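What follows is a set of notes on a single structure, which appears directly below.
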Amino acid sequence: MNYEYLKSLISLGFNIIPLNEDKTPKKSWREYQETPVSGLMESNHYALICGYNDVECVDVDLKVLPSKEERAAFMKELVELIDNHIEDYKKKLVIKKTRSGGFHFIYRAKNIEGNLKLAKLEGHKEAILETRGLGGYICMYDNIINLDYHQMQLITDEERDIIINLCRILNEGQQDAIQVPLKVEKQYNNYATSISPWQDFNEKTSIFDIISDEFTVVRDLPNKTLIRRNGAKSPHSGYVFKNSGCMYLFSTGTIYDAEKLISPFVAYTIKHFNGDFSRAASDLYARGFGDRKKPEAVIIEDKPIYTTSQFPLEVFPDVVTNYIKECARTLSNSIDYMGCALLWVGSLCIGNSIRVEVKKGWQEISTIWMAIVGGAGLGKSPSINSIIFPLEKINGEERRRYAKLRKEYDEYQLLTKKEKETVVEVQEPKRTQFIVDDVTIEALINLHSHNQNGVGIFKDELAGWFKDMNKYKEGSDKEQWLSSWSGKGIAVDRITRQSDYIGKPILPVLGGIQPNVLAGFFTEENMDNGFLDRMLFTFPELEVESYVDDEISPQLIKFYNDFIVMFYESMKKMVSFNDFGNIEPNVAYFSPEAKKEWKRIFNDITNKQNSDTTTEIIKSMLAKQKSYIPRLALIVNSIAAGWFGTNLLEITSDSMLKAEKLSRYFIAMNEKMLKNNVETAFTKSILKSQNGNVADKIMAIKKKDSNFNRTTVAKELNISRVTLYKYLKEMEDKK
C-alpha cells in the first residue's frame, strides 16, 4: 500500500501497524488499542487496528464455501440484506476484497464490541461471518469495492446493530441470541484471541446438562433435537440446534426467554444466577473456564536459601524463579530438579504449536527427555510436583471429562434404533488427556492420534520407562522412541489392533531415577544407538534437610498456577491444522543476533568433537547438543514471551545464550553421571571378586584407589559412612 496514504490515515485518527508476511504484527500492538501510533515502519503489509477510533469490521470468509457459484450466491444474499435495511449503505460502508477472496465491510460505530462469531454454515467449523472490533485488527488492501479507508463513516448505533443482526440471520437461520452484556464481556476479552469463561463453558457443556430436569427429548433430527417442557400439552416446546448447541423455545411458560437463542451459558446464568451474567461468569472463571488473565506478579521478600544448586535459574523470568526459590526455601525442594521440570513443562505446552528452524532444511521440535537423578528420600517427586501440578490438574479434568462422555456414548450404543430416535445423539468422544505414565508405544500412538499437539510422559520412577520399551519385540519400541525424539513419524501395527501412524510426534519424557539403578542402563547397546545421548540428566549434590517453619505464600502458588495455565492455553491456541486435519506447526526463526551466537556455539561444539582430549562418550553426547540447544532456546524463548508478550516466533540472542548455559549444565551433569557410573562399576567389580568380611573388601578397594568415592562404597556395602570412616581409621592406626 502507498506509504504516504497510510500516514495520512494516521493523521485522520486511524491506527496502523506493519505486518509480517504471515499477517502477524512485526511488534507488540496491544498498546495501540488505546493510544495513537506515533510513527509507521515501512513494510509490505499493514493492519488497521479495530476498536480504536470506533472502527469495526465484518469479515466475510468465503473460502469455507467450496465453489465459486456458492460464494457468489452468499455475497449476493448478504449485500441484498444490507441494501434492504441500511439506507444509502454505499455512502457509509468501506468494502474491500481480501487476498483470500473474502470481503471486509468496515465502518465506525460508538457501540462496537469485542470480536464476535456471527454466522457459521452447516458442516463447517470456521465462521463465514465474524467481526473484528475491540481487541482485533484486519489486514489492509489496495483494491476498492466501495469507498476507501479515508471515506469510512460513523454509522448510528441502530445501523450497526442491524448489520450484526442481518449477519446472524445467515447463521443457519438462527437469530436473536441473548448476548452477554458488553460490560461483562470487556472484563474477560482483553485481547483478540482470548476465550471467555462463557465461550469455554459453551464449548465444553451441552445445554442438556442444564435443562435435562425441565425438558424431555421428543425426537432427534439430523440438524436439531425437538424438546418438550415437562407438563406441557403441546407436541414440542422448541429445539436444540446441533450446529450451535443453543436452545430455541416457542413456549413462554419457562424461566427462559421465548423466541431467543439460549446458549448453555445463558441457560446456566438464568437458572442458577437469576440472570446475573457477571456473577455467572465469575463463578465459571473460578472453576477454571476461560483463558487465564495475565496474573499479577507476587512480590516476595528476598530471603537466603541454604541449598546448593548448579542450575542456571536466570534462564527463566524472575517472576517464575521467585516461585522456585520459595519452594526451595520453604519446602526444601531442589532448584535443579524444579528447573529441569519446568523445561519439560515448557516442552509439553509448546508441543506441535511451534518448531524452530535452525537453517533451511533443518528444523527442531520441542521434545526433551529429562531424568531427575537422586537417591531415595532426596525429594525428587515433591520437587517435580511443585512445578507440574498446574498441568496435572488440567490433565485430570480431561480424563474425568472423557470418562463421563465415554460412559454416555457406550450407553447410547446399547440402545435400539427406535430408542435412539427419542434421545439426543451421542458422538464418540476424543481423548484429550495429554500426560500419561503408561508408556507402551502402542498406547501412546493411539492417544497421540486424538491429541496431535503432543503427549507428555511423566513417571515417578523412570526405570520402568527403560524396561517398557522392549515389551513386544527386542529393539522395536526403542527404535520408535528414537525416531520420535528426532521428530520422525512413528507407527504401530499390532496383530491385536489396526495400524496407527503419527507424522509429527511430540513425546517429552520426565521422571525420577536413582543413580545406582540408572547405572544399569548405561549398556553398550544404549550408548551405541544414541539413546542415552538423547537424555538430559540432573544429578545435583543434595542432602536431606531439616524441617523448615516458614510457609510459602498461597498467592505465590496461585500466581504460578495461573501463569502456567495461561502459557498452556496460549500455546494451545497457536495449534493449526491443514485441510486434511493434520497438524501444521508454526515456525520460529533465529534473529540475526541469535544466528551469530548459534554459529559460534555450533563451532565451539564442533571443535570439542574434533579434539583429541574429548572422550568418545562425550563426543557422542555433544552431537545431540546441536539439536538440544535450538530446542532449549525455543522453550526459554516461549516461556519469556508468555510473560513479557514478546514475539513467540523470533528466537532472540538472549534465549540462545540461555540455551547455551543450559547445555553446559547438562554436559557437566552427564560427565558427573558417567563418573558416578564408572565408580559404581569399579566398586561392584572389586566387591564381586573379593571374598571376606567388610574390612577386607574396603582394604581391597583402597589398594586399587585410595581416593575412592566413600558414599558409593558405603552404599554398596550397605553400611553408613560413619562406619566406613571407622574402618579406614582402624586401617591407618595399624600402619
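So the values come out like this:
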| item | result |
| --- | --- |
| The range 572-600 residues that are without any contact (Cβ under 8 Å) to a residue 12 or more places away in the chain and surrounded by 13 or more Cβ atoms within 10 Å (Cβ to Cβ), paired with ones that are of a type in the set (S, T, N, Q) and not in a strand (DSSP E or B) (beta carbon under 8 Å, 6 or more apart) | Glu584/Ser576; Glu584/Asn578 |
| Complete set of residues in the range 170-187 that are assigned to a helix (DSSP H, G or I) and either β-branched (Val, Ile, Thr) or modelled with pLDDT under 75 (or both) | Val184, Lys186, Gln187 |
| Filtered residue count, the range 243-259, keeping only those that are surrounded by 15 or more Cβ atoms within 10 Å (Cβ to Cβ) and at pLDDT 85 or above | 6 |
| Pairs where the first residue, in the range 337-350, is farther than 14 Å from Met571 by Cβ and free of Cβ contacts under 8 Å to residues at least 12 places away in the same chain and the second is surrounded by fewer than 24 Cβ atoms within 10 Å (Cβ to Cβ) and not aliphatic (A, V, I, L, M), C-beta under 6 Å, 6+ apart | none |
| Selection status of Ile701, without any contact (Cβ under 8 Å) to a residue 60 or more places away in the chain, of a type outside the set (Asp, Glu) and crowded, with 18+ Cβ neighbours inside 10 Å | yes |
| Residue pairs meeting the criteria (Cβ under 9 Å; at least 6 apart or on separate chains; first in contact (Cβ under 8 Å) with a residue 24 or more places away in the chain and assigned to a helix (DSSP H, G or I), in the range 603-630; second surrounded by fewer than 18 Cβ atoms within 10 Å (Cβ to Cβ) and among the basic types (Lys, Arg)) | Ile618/Lys608; Leu622/Lys608 |
| Candidates Lys23, Lys27 - the one that is within 13 Å of Met140 (Cα to Cα) and at pLDDT below 90 | Lys23 |
| Selection from the range 355-366 of residues that are surrounded by fewer than 24 Cβ atoms within 10 Å (Cβ to Cβ) and of a type outside the set (Phe, Trp, Tyr) | Arg355, Glu357, Val358, Lys359, Lys360, Gly361, Gln363, Glu364 |
| Filter result (closer than 21 Å to Val320 by Cβ and without any contact (Cβ under 8 Å) to a residue 60 or more places away in the chain) within the range 266-302 | Ile299, Glu301, Asp302 |
| Per-region count, the range 631-667, residues within 25 Å of Ala341 (Cβ to Cβ) and either of a type outside the set (A, V, I, L, M) or free of Cβ contacts under 8 Å to residues at least 24 places away in the same chain (or both) | 19 |
| Answer residue from the range 13-52, given it is under 20 Å from Thr646 (Cβ atoms), small (Gly, Ala, Ser) and touching a strand residue (DSSP E or B) at 6+ places or on another chain (Cβ under 8 Å) and is surrounded by the most Cβ atoms within 10 Å (Cβ to Cβ) among those | Ala47 |
| Cβ pairs under 8 Å, 6+ apart, first in the range 56-84 and closer than 30 Å to Gln33 by Cβ, second basic (Lys, Arg) and buried (at least 18 other Cβ atoms within 10 Å of the Cβ) | Glu56/Arg108; Glu56/Arg132; Glu56/Arg160; Cys57/Arg132; Asp59/Arg132; Leu62/Arg71 |
| Sole exception among (1) at pLDDT 90 or above; (2) touching a Leu at 6+ places or on another chain (Cβ under 8 Å) for Val64, by number | (1) |
| Scope the range 642-676; condition modelled with pLDDT under 95, buried (at least 20 other Cβ atoms within 10 Å of the Cβ) and of a type in the set (Gly, Ala, Ser); matching residues | Gly642 |
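Okay, residues lined up against (1) at pLDDT 90 or above; (2) crowded, with 21+ Cβ neighbours inside 10 Å:
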site	(1), (2)
Asp493	no, no
Thr496	no, no
Gly503	yes, no
Ile513	yes, yes
Leu518	no, yes
Asn529	no, no
Ser546	no, no
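The values are calculated or read from the model by the stated rules, or taken from the named source; none is laboratory data. None of these values were measured; they are calculated from a predicted model. Positions of Cβ are backbone-derived with ideal geometry, glycine not excepted, and every protein chain shown enters the neighbour counts.
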